[in-house]
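All remarks here apply to the structure that follows.
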Amino acid sequence: MITINAYLGVDIGSISTKAVIIDEENNIIASDYIWTKANPIHAVKTLIENLEKQIQNKDIKIKGIGTTGSARKLIGVMLNANVVKNEITAHAIGTLSLHPDVRTIFEIGGQDSKIILIEDGIVVDYAMNTLCAAGTGAFLSSQAQRLGMNVEDFGPIALTSKNPTKIAARCTVFAESDLVHKAQMGYKKEDIIAGLCQSVVNNYLNNVGKGKKIISPIIFQGGVSKNIGVKKAFEQEVGENVIVDENGHLMGALGVAILSKSTPLKSEFTFKIMEADFDTKGIECKGCSNHCEIICVRKNQKLIDSWGNRCNKGALK
Amino acid sequence: MKKEPMISFPHLGDYYIPIKFLLTHLTDYKVIEAPPITKKTIELGTKYSPSFVCIPFKYNLGNFIETLEQGATILFQAGGGCRYGYYTEVQEQILKDLGYDFQMMTIGQNKIITLNYLYKTIKKLNKNISFFQLSYYVLLTLFMIHFMDKIDDYIRLNIGFETQKNSFIDLKKEMLASFSKTTGFFSLLTKYLKYKRKIKNLKINKPKNCLKVGIIGELYTSMEPFSNYFLEKELANMNIQVKRFTNASFLIYQKKFKIKKMQKYIKKYCTYELGADGMDNVYRAKFLSAKGYDGLIHIKPFGCTPEIGAMPIIRKVCEDEKMPIIFFSFDSETSEVGIKTRLEAFYDMLKIKKG
């Protein structure tokens, strides 16, 4: 059996954690996707364990590790990653490896949404939502709960609507009260759901996509891209075909895995990470009235890294 | 019991040094600067400010509260061509409502700071001061500000490439301490030349084609590092050369002479002025594009009306010039992590583009 040089990419988002293992040619050897449940350390441990099961029969040597997503720093320390990258760059690189001709990437995740514009294979402009959560997955799931259904069913139901209800967008608070109002007025459920999908799209385009030139090919990814109703609303609003890749949720992880190829690994990686005990502790620095909260990461009770201090007064180690 | 009169004023970057110097020499009172800005400052400011007011208001108010607690009895505030013009009156009212006993002074009126108006203000505190005396110290302070800004300009261009960490900042601290002990024009000039030589002699390792980024936008968030989450420091850590036009020298005396020139340069985009510094930033966007800069960062407080007016025009300039730009809005609720993520992505974008 020949040894395959492989690279691990982990994308730890607020809602879900994704990981891929790729080979030298960027082919995905193993991948997995689980909920973060506000416990990134545990999620990553489970994920790594799942990945190990998938590659049991192969002789694989991990040569590089990359982390991205909102918990990238913490998990980067935990896995001893050689690349810790922001999700914007990671998504762009990952998507470009599969769709080299892409010009626009729509990404709507659980807590944030972004737009990335690409010209000749390089990022030329991007934006991330700065104002509110109205255009994100979290909004859709909370509304699903209100309507007493699973968010996964939203897409197909939305497609059955012939006359989507207009829901006030802009802000989750307005949208929610408008939704209640419309429901009490007697609007049909599928029309309301289709209206919700449209309001997510309108919010996204008015907020994140404001002033950006949207050119096709357009790729739509992130958790919300699995919702066919939102995809359709996008196509109607933009007037172009919108592509949803079946691996769309893995793009960030794929991107960092690719990035980790170019940097040498700091130390050898083993799948034995389950055995080590990681925990974090927040302490407040009493150096001045800034009261910086310093996050300490400990492995088997030993401090391995810390951050959060603004000045040297709070430097640990 | 009557408290001993003590003068104080809000922070703006390092300018507390010349301001303190000026006020100390114009009056016989003790002058203290507000305690350094910390999270506590902005918490206090936010708590007592109208929630939608721009962030500099909150910082200033926080500064005032903290300095009043230290025993200040006379507060100085300036004013400008936007909401800044109402800061003095509104803050005075808020602080009086909170029960503080103090006297509020303003050095500007109808958007501009004039020598005559300053004289009238200072006369209230010091009856014996002559117009000549005032002019002398104002001029000396202006020179100090001018020298500080010149040194800062050089530092911004080079600090990202220092070979010894903190060498620039340490030397600058030393310089500022020495500036505060200025006795006259000759003493100031000697100090300036000495530190200029020292700073230019600091070792740097700067590649010819380093990344160059311009910071444009509103004045307070540009000049007060705490309010922009130490943006310039972050950029320096990424080894980026930084250019920033907005400083006290520009606002106090250079701008007047440049307006006509700026207007002509951006005739294609703006027919009229945009209020406050809006037009200046359109000019800078075009100017820096022509100068071969790699990217622009536009910063403003959340809800800053003049800059909101300028943004679509700046966007148009950047589109025409193919200039990458990102916009940041700062408020008391801004997430620091969000800024870092965007900034990192911006850096990656410029770096990959440059190749």
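Structure values in brief
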{"quantity": "Dipole axis of chain B (+1 Lys, Arg; -1 Asp, Glu on Cβ), positive-most option in B:Ser289, B:Gly85, B:Pro225", "calculated": "B:Ser289"}
{"quantity": "Under 14 Å from B:Lys340, Cα to Cα: aspartates and glutamates that are on another chain or at least 8 residues apart", "calculated": "A:Glu87, B:Glu232, B:Glu234, B:Asp348"}
{"quantity": "Packing-based exposure ordering (other Cβ within 10 Å, fewest first) of B:Met104, A:Met78", "calculated": "B:Met104, A:Met78"}
{"quantity": "Angle between chain B longest axis and helix B:278-290 axis [Cα atoms, degrees, rounded to 10]", "calculated": "40"}
{"quantity": "Rule-of-thumb Rg ratio for the stretch B:60-113 [Cα; 2.2 N^0.38 Å; N residues]", "calculated": "1.10"}
{"quantity": "Exposure proxy order (Cβ contacts within 10 Å, fewest to most) of B:Cys54, B:Cys82, A:Cys296", "calculated": "A:Cys296, B:Cys82, B:Cys54"}
{"quantity": "Positive minus negative residues near B:Phe131 (Lys, Arg vs Asp, Glu; Cβ under 15 Å)", "calculated": "+4"}
{"quantity": "Label-point gap, in nm, between A:Lys213 and A:Cys311 - each point 7 angstrom along Cα→Cβ", "calculated": "4.7"}
{"quantity": "Hull shadow area, averaged, the stretch A:1-108 [alpha-carbon convex hull, nm²]", "calculated": "6.9"}
{"quantity": "Pairwise centroid distance, computed over Cα atoms, of the stretch A:1-36 with the stretch B:307-336, Å", "calculated": "36"}
{"quantity": "Local electrostatic count at B:Thr24 - Lys and Arg +1, Asp and Glu -1, tallied over other residues with Cβ under 13 Å", "calculated": "+1"}
{"quantity": "Exposure rule at most 12 other beta-carbon atoms within 10 Å, DSSP loop GluC sites (Glu not before Pro): chain A longest free segment", "calculated": "A:26-245"}
{"quantity": "Relative pair counts by distance (%), Cα atoms of the stretch A:100-244, 10 Å bins", "calculated": "13, 45, 31, 10, 1, 0"}
{"quantity": "Rounded tilt (10° steps) of A:137-147 against the dominant C-alpha axis of chain A", "calculated": "50"}
{"quantity": "Kirkwood-based shape ratio for the protein assembly as shown, expressed as Rg/Rh from alpha carbons", "calculated": "1.00"}
{"quantity": "Surface/4 estimate of mean projected area, convex hull on alpha-carbon atoms of chain A, nm²", "calculated": "19.0"}
{"quantity": "Neighbour net charge for A:Gly211 - beta-carbon separation under 11 angstrom, K R +1, D E -1", "calculated": "+3"}
{"quantity": "Two-site FRET efficiency, A:Ile2 against A:Glu268, from Cβ-Cβ distance with R₀ of 25 Å, rounded to 0.05", "calculated": "0.85"}
{"quantity": "Exercise: per-residue mean of other protein chain Cβ atoms within 10 Å, B:336-344", "calculated": "4"}
{"quantity": "Taking A:Ile2, B:Ile7 and counting other C-beta atoms within 10 Å, the order from fewest to most", "calculated": "A:Ile2, B:Ile7"}
{"quantity": "Cα-based reach from A:Lys182 at 13 Å (exclusive), listing aspartates and glutamates while leaving out same-chain residues under 8 positions away", "calculated": "A:Glu190, A:Asp191"}
{"quantity": "Crossing angle, helix B:16-26 versus chain B [Cα axis fit, 0-90 degrees, rounded to tens]", "calculated": "30"}
{"quantity": "Per-residue average of Cβ from other chains inside 10 Å of A:283-295", "calculated": "2"}
{"quantity": "Between the stretch B:48-104 and the stretch A:252-315, the alpha-carbon center distance in angstrom", "calculated": "40"}
{"quantity": "Pairs beyond 22 Å (Cα-Cα), from B:Lys264/B:Lys291; B:Lys316/B:Lys353; B:Lys150/B:Lys203; B:Lys173/B:Lys194; B:Lys150/B:Lys198; A:Lys85/B:Lys58", "calculated": "A:Lys85/B:Lys58"}
{"quantity": "Cross-link partners of A:Lys302 among lysines (Cα-Cα below 24 Å; sequence separation of 8 or more within a chain)", "calculated": "A:Lys45, A:Lys73, A:Lys266, A:Lys272, A:Lys281, A:Lys286, A:Lys313, A:Lys317"}
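Every read-out reported here was derived from the displayed coordinates using simple, explicitly stated rules and does not represent laboratory data. No experiment lies behind these values; they were computed from the predicted model shown. Virtual Cβ from ideal backbone geometry, glycine too; neighbours counted across all protein chains shown.
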